[in-house]
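Data first, discussion second: the structure below is written as structure tokens.
Taken together, the values in this text are just the output of simple stated rules run on the coordinates, not laboratory data. Just so you know, these numbers come straight off a predicted model, no measurement behind them. Here the Cβ positions follow ideal geometry from the backbone for every residue, glycine too, while neighbour counts run over all protein chains shown.
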Protein chains: 2
Amino acid sequence: MSSVSDAARAREDIDALMHRLGRAAVTASRALALASTAQKNVALEAAAEVLRERHTAILQANGLDMQDAQAKHLSAALLDRLRLDERRIEAMSSSLIEIAALADPVGTVAAEWDRPNGLRIQRVRVPLGVIGIIFESRPNVTADAGALCLKSGNAAILRCGSESRHSSRVIHECLCAGLGKAGLPLECIQLVPTVDRAAVGLMLSGMSEFLDVLVPRGGKSLVARVRAEARVPVIGHLEGNCHVYVDRDADLQMARAIVLNAKLRRTGVCGAAETLLIDRACVATHLAPLVHALLDAGCEVRGDATAQAVDTKVRPASEDDWYREYLDAIIAVRVVEGVDGAIAHIERYGSEHTESIVTQNPATAERFLAGIDSAIVLHNASTQFADGAEFGMGAEIGISTDRLHARGPVGVEQLTTYKYVVRGSGQVRP
Amino acid sequence: MSSVSDAARAREDIDALMHRLGRAAVTASRALALASTAQKNVALEAAAEVLRERHTAILQANGLDMQDAQAKHLSAALLDRLRLDERRIEAMSSSLIEIAALADPVGTVAAEWDRPNGLRIQRVRVPLGVIGIIFESRPNVTADAGALCLKSGNAAILRCGSESRHSSRVIHECLCAGLGKAGLPLECIQLVPTVDRAAVGLMLSGMSEFLDVLVPRGGKSLVARVRAEARVPVIGHLEGNCHVYVDRDADLQMARAIVLNAKLRRTGVCGAAETLLIDRACVATHLAPLVHALLDAGCEVRGDATAQAVDTKVRPASEDDWYREYLDAIIAVRVVEGVDGAIAHIERYGSEHTESIVTQNPATAERFLAGIDSAIVLHNASTQFADGAEFGMGAEIGISTDRLHARGPVGVEQLTTYKYVVRGSGQVRP
């Protein structure tokens, strides 16, 4: 009995806690929506400075997180994502300065026009309101996500993974110091002060009156849970099963450079290529050099029958391989019937993230760019350009594979919505 | 036993039916996304002509719907929404011609820029994909919604209410005739061929692999069900609890015209004003004339203590009245402390739809326009301008009170998303 009522009480406490956070965020968001660009930039620049000043405290906190993670035998990849050092703290601080330097989207007039009756209509960018961000091990997300929300005039409720809780807490304190210096409410950026998993459940489905949008930043299972349970709109990305299609009119040297870069520059990013499609018409000239280049670079190759014939090191690809987001030095290789074959393959197996065609034929390129319905389609360029900074949009909170609201890199502009401001002189509707 | 298995079989049949519709819509949407503007316009114009030609068949079908509705003793308001006559058929036909005349949003370049590395980036409008529309009694929605989806390059799955099933079926046949004439797949616009309510449940939560977005068009209970159950993104409006605030610096004559028009021009539209807020500083001069104007026009007035003192016909307003969307000749009247009092009231009770301030003071107007976070904010104009056609956007599928993707009137542009088209010359990422 007693443990049941203890659990019930704990549940009630966390309900109350999260609702308090939600209410405070709504209040703060109203002040923040009207804050000047200068005030927001002061907060960001001051936070950047405090992050640098407090590097020792941040490293100490990160040391605690690393100890716990090692004790739990977390994977090397996860430990690397969690680890902070002087260079990474400096990068976090610089990122805040860069976000301060971005143009403020709030209040900009996206369109304006006059009506015959004299009404003047403006479509004006306004913040989304309160953004909930659920992330996993990387502690720098605390700074990045908090700063992007602040710059775009949104109050943020950040929920870090339990692995990064000590690091995230100290980083959050630095953000609060910046808000304080700028005279903005500290509730503009709140960090959920508990790692109880019930908090995530509440953000997904128990706080819709406070949260305007949720942004999941993490692995497949987090994103899947958010999509299944969320009762508020979500901006997030699912998989990046990205393709490079090498056409019969591709320059082989360019194709080799693009394929190697798209697959291997970094294998763990969502813009990394996972499948190479090759036009049957250039199998004789292009297939073997590309497969050998990949194998020589240490990439595992899984191919269809034609690709397997190139080298005994090529393993057979199964139907499942065409769907896979390896996020590793593995690539699937398939021969297709020209650009239409490539489009059909991508339509069937792709995740609408990022795809590239390599060809010197402009008509074939245009057919691919129009026919592929992904967030990003490229001609003669690496899929690894799928990135807000590379697009010139500054930092981003993720790459959206949703179709509504925002597709591709989600930067400060994509964290706003709009309202219509209509100025009249007494007009009534006939 | 047998009835259980019959029910199970029926359920299976409807599952299979809806999935067949979904798959066909996805296939059609791919052809439609690449269709030319001219081809879509031919379909719309041909459908408009067939609607006119088949007016007798439409009226006969509508007669069946009206008979059923009368037998079920549906309300006079519902019967009116359901009823078609020559004039309404003509309006439906003209509406298709108007939609054909709208600019085609698909393929337009919303933004483009160059990167220092030579990449050229374009943000290009593309259709959303497959749109599910669930509507109630008004049969003209079949034509309007189908046409708006077609123009914006989206395949539509329309689910009409059982009341309008005969009318909707004949109208849908006319749309199909237009598609046929243009050489477009008939599956671009599909009407769910059953009024079984299980079809609605499937559209909400069993067809997410086929549907990109759902648009509910109907009363509060439909919208609430869609919001509670939908597993696909929804574009829809909730309530329009719209406000007019009459400021101390309002011209009384202008205020009277705007208040009467905002409340009474049509009381059943979502842009109708439901609450009148009056600045305490002009109670002596403005309150009585406005209340009497409303009473004289046949409007019921529910007021706070000050408003009640104006006339014995003013009934007391309860707390609940400030939240109400009457959609009737009833208005709530409250005295507030200047523009900040108006903003606070609207923030608390409003539905973020449409609000108007009447004032000759530009600074006060700007404070209201910036401080109110509704889809549409107006200065010196009637809230009844909340309408796509009045905004110059052409026909609309509704007024969104969502914050993401689309706010305010949802026209053809709002039924699109975008993708990034990136053109390079062999760029790889360093």
Mean other chain Cβ within 10 Å across B:412-423 is 6
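With each run of n ≥ 4 DSSP H residues scored as -39500 (n - 2.57), what mean residue ellipticity at 222 nm is computed for the protein assembly as shown after dividing by its residue count and rounding to the nearest 500 deg cm²/dmol?
-13500 deg cm²/dmol
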Output row for B:Ala284: copy-to-copy label distances, label 7 Å along Cα→C-beta, ascending, in nanometres, one decimal, is 9.9
The range B:253-287 scanned against label point 7 Å out from B:Ala329 along Cα→C-beta; backbone N under 20 Å for B:256-276
Across B:Leu175, B:Leu59, B:Leu51, the residue with the highest GNM fluctuation in chain B (Cα network, 10 Å cutoff) is B:Leu59
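Given charges of +1 on the Cβ of Lys and Arg and -1 on the Cβ of Asp and Glu, with all other atoms neutral, how large is the dipole of the protein assembly as shown about its Cα centre, in debye to the nearest 20? Display every interim value, and only then the final one.
Numbers: 94 positive and 106 negative charges, 21 e Å.
Taking the Cα centre of the protein assembly as shown as origin, the dipole is about 100 debye.
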In nm, the gap between the two label points placed 7 Å beyond Cα toward Cβ at B:Thr37 and A:Ala363 is 2.4
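Within the range A:260-335, list the trypsin sites (Lys or Arg not before Pro) lying in a DSSP loop whose Cβ has at most 15 other Cβ atoms in a 10 Å radius.
On the way: sites: A:Lys263, A:Arg265, A:Arg266, A:Arg280, A:Arg302, A:Lys313, A:Arg324, A:Arg334; in loops: A:Arg265, A:Arg266, A:Lys313, A:Arg324.
Answer in residue order: A:Arg266, A:Lys313.
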Residue span B:Glu300 to B:Glu98: 0.36 nm per residue of separation minus Cα-Cα distance leaves a gain in nm of 69.0 nm
Restricting to lysines and to Cα separations under 28 Å from A:Lys313, and discarding same-chain partners fewer than 8 apart, the set is A:Lys263
When A:Met92, B:Met203, A:Met66 are ranked with the fewest other C-beta atoms within 10 Å first, the list becomes A:Met66, A:Met92, B:Met203
Computed over chain A, the relative contact order (Cα-Cα under 8 Å, seq sep at least six) in percent reads 18
The local net charge around A:Glu352, scoring Lys/Arg +1 and Asp/Glu -1 for residues other than A:Glu352 whose Cβ lies under 15 Å from its Cβ, equals -3
The alpha-carbon center of the range B:385-401 and that of the range B:34-74 are separated, in whole Å, by 22
Reduced to Cα centres, the span from the range B:350-378 to the range A:285-346 in Å works out to 59
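What is the calculated FRET efficiency for B:Asp68 to B:His292, with r their C-beta to C-beta distance and R₀ = 45 Å, to the nearest 0.05? Mind dumping the intermediate values first?
On the way: r = 45 Å, r/R0 = 0.99.
For B:Asp68 and B:His292, the calculated efficiency is 0.50.
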Filtered hits (aspartates and glutamates, Cα-Cα < 13 Å from A:Lys151, offset >= 8 within chain) -> A:Glu45, A:Glu98, A:Asp104, A:Glu396, A:Glu413
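Averaged over peptide A:209-216, how many Cβ atoms belonging to another chain are found within 10 Å of each residue's Cβ?
Values: counts 0, 0, 0, 3, 2, 0, 0, 0.
For peptide A:209-216, the averaged partner shielding equals 1.
My understanding is that a pair violates if its Cα-Cα distance is over 19 Å; which of A:Lys40/B:Lys419; B:Lys72/B:Lys220; A:Lys40/A:Lys181 do that in this structure? Please report the intermediate quantities before stating the final value.
Working: A:Lys40/B:Lys419 30 Å; B:Lys72/B:Lys220 21 Å; A:Lys40/A:Lys181 10 Å.
In this structure, A:Lys40/B:Lys419; B:Lys72/B:Lys220 exceed 19 Å between Cα atoms.
Can you tell me the dipole magnitude for chain A around its Cα centre, using point charges on the Cβ only (Lys, Arg +1; Asp, Glu -1), in Debye to the nearest 20?
Numbers: 47 positive and 53 negative charges, 250 e Å.
For this selection, approximately 1200 debye.
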The farthest towards the positive end of the charge dipole of chain B, of the residues B:Met18, B:Leu148, B:Thr267, given +1 on Cβ of Lys and Arg and -1 on Cβ of Asp and Glu, is B:Met18
So, with points 7 Å from each Cα along the Cβ direction, the B:Arg11-A:Ala77 label distance in nm works out to 4.0
Of B:Ala147, B:Ala332, B:Ala155, the most mobile residue in a GNM of chain B (C-alpha springs, cutoff 10 Å) is B:Ala332
What the 10 Å binned alpha carbon P(r) of the protein assembly as shown shows, as percent of pairs per bin from 0, is 2, 12, 19, 23, 21, 14, 6, 2, 0, 0
So, in nm and shortest first, the distances from B:Ala110 to its counterparts in the other copies, with label points 7 Å along Cα→Cβ, work out as 0.6
Of A:Ala224, A:Ala48, A:Ala262, the most mobile residue in a GNM of chain A (C-alpha springs, cutoff 10 Å) is A:Ala224
Row for the range B:242-390, column shape: gyration tensor on C-alpha, a ≥ b ≥ c, rounded if a/c < 1.5 i.e. under 1.5, prolate if a/b over b/c, else oblate; value rounded
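If you filter the range B:184-238 for GluC sites (Glu not before Pro), then keep DSSP loop positions with at most 11 other Cβ within 10 Å, what is left? Walk me through the intermediate numbers first.
Details: sites: B:Glu187, B:Glu209, B:Glu229; in loops: B:Glu209.
Listed in order of number, the matching sites are B:Glu209.
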Rounded to a whole number, the mean other protein chain Cβ count within 10 angstrom for residues of B:224-234 is 1
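Kindly provide the trypsin sites (Lys or Arg not before Pro) of the range A:1-104 that DSSP labels as loop, not H, G, I, E or B, and whose Cβ sees at most 11 other Cβ atoms within 10 Å.
On the way: sites: A:Arg9, A:Arg11, A:Arg20, A:Arg23, A:Arg30, A:Lys40, A:Arg52, A:Arg54, A:Lys72, A:Arg81, A:Arg83, A:Arg87, A:Arg88; in loops: A:Arg54, A:Lys72, A:Arg83.
Those satisfying the criteria are A:Lys72.
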Among residues of chain A, the one whose beta-carbon sits nearest the axis that rotates A onto B, given with its distance in integer Å, is A:His405, 2
Sorted shortest first, the nm distances from the B:Pro193 label point (7 Å along Cα→Cβ) to its counterparts in the other copies are 6.2
The range B:226-263 and the range A:175-248 have their Cα centres apart by a whole-number Å value of 31
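Based only on Cα atoms, what Rg/Rh ratio does chain B have, Rh being taken as Kirkwood's radius? Spell out each step's value before the answer.
Numbers: Rg = 24.4 Å, Rh = 23.6 Å.
Rg/Rh for chain B comes to 1.03.
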